[in-house]
Amino acid sequence: MKKNILLVVILISILGCGTTSNTLKTSKKIIKGNWELQEITYSDYGNFKITFFNDVSKDCLVGSQWSFIPNNNSGIYNILNESCPKGERNFIFSIQEVDPETGLYDFLLKPTDDKKKSIDNKGFRLLLAQLSDKSMQWQQSTSIDGKTFKIKMNFIKNME
C-alpha cells in the first residue's frame, strides 16, 4: 500500500512538472518573433511622467518594434518615433511561472549592450498577463500615495 501511495505521489509530481514545462515551452514558442507595442494604458487618469526601462517615455515607446529570440532569451526593441532617441536597444529576458492555476507568468526584462552584457545590472519585472498567437499584455503594478497603480502594455504580433 505504501508503495502505491509513493508511486502516485511521484507520478503526480512528474506530470505536474511536465505540464508546467510544456506550458512554458509553448509560451516561448508563441513569444518568438516580432511584435509592436501598440498601446500603454494606466489604471488611473492623469498626466504621469514615467520613464520606461530607464530609457524613454510612453510617447516614445508606443509604436516601438520588439523582436524576441527565446532560444537564447534575448531580444531587441527599436524606437521609431522621430521626436525620440531612435534606435535599437538590446535586452535579455526570462519567463517564470507565477501560478500554475492561472497560467500567469513573471516576465523579467534586463537591458544589455549588443554583447548581451548588462548595462547597469537592473532588471524590470512585469506580469505576462496575456499571451496568444496574435497579442500579448504585460502589466506592472506599483503604489502611488498608498494606492495601487497599474500599467498595461499591449502588443500585437507582426504576422509577416
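The values are calculated or read from the model by the stated rules, or taken from the named source; none is laboratory data. Bear in mind the structure is a predicted one, so any value in this text is a computation, not a measurement. Positions of Cβ are backbone-derived with ideal geometry, glycine not excepted, and every protein chain shown enters the neighbour counts.
For every residue, the table says whether it meets (1) out of contact with any Pro (no Cβ under 6 Å at 6 or more places or on another chain); (2) charged (D, E, K, R); (3) over 19 Å from SER118 (Cβ atoms).
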| position | (1), (2), (3) |
| --- | --- |
| LYS28 | no, yes, yes |
| GLU39 | yes, yes, yes |
| PHE48 | yes, no, yes |
| GLY75 | yes, no, no |
One residue is enough: does the stretch 120-136 have a residue meeting the conditions over 23 Å from PHE48 (Cβ atoms), of a type in the set (Asp, Glu) and in contact with a Lys or Arg (Cβ under 8 Å, 6 or more places away or on another chain)? yes
Being modelled with pLDDT of 95 or more, of a type in the set (Ser, Thr, Tyr) and surrounded by 11 or more Cβ atoms within 10 Å (Cβ to Cβ): is that true of SER67 here? yes
Filter pass, LYS122 being without any contact (Cβ under 8 Å) to a residue 60 or more places away in the chain and surrounded by fewer than 16 Cβ atoms within 10 Å (Cβ to Cβ): no
Pick from ASP59, ASP55: which is surrounded by fewer than 18 Cβ atoms within 10 Å (Cβ to Cβ), farther than 18 Å from LYS157 by Cα and in contact with a Lys or Arg (Cβ under 7 Å, 6 or more places away or on another chain)? ASP55
State which residue pairs qualify: first residue farther than 18 Å from GLN140 by Cα and inside the stretch 28-48, second residue among the acidic types (Asp, Glu) in any location, beta carbons under 9 Å apart, and separation of 6 or more residues or different chains. ILE30/ASP133; ASN34/GLU160
Residues being surrounded by 10 or more Cβ atoms within 10 Å (Cβ to Cβ) and modelled with pLDDT under 90 - total across the stretch 31-49: 2
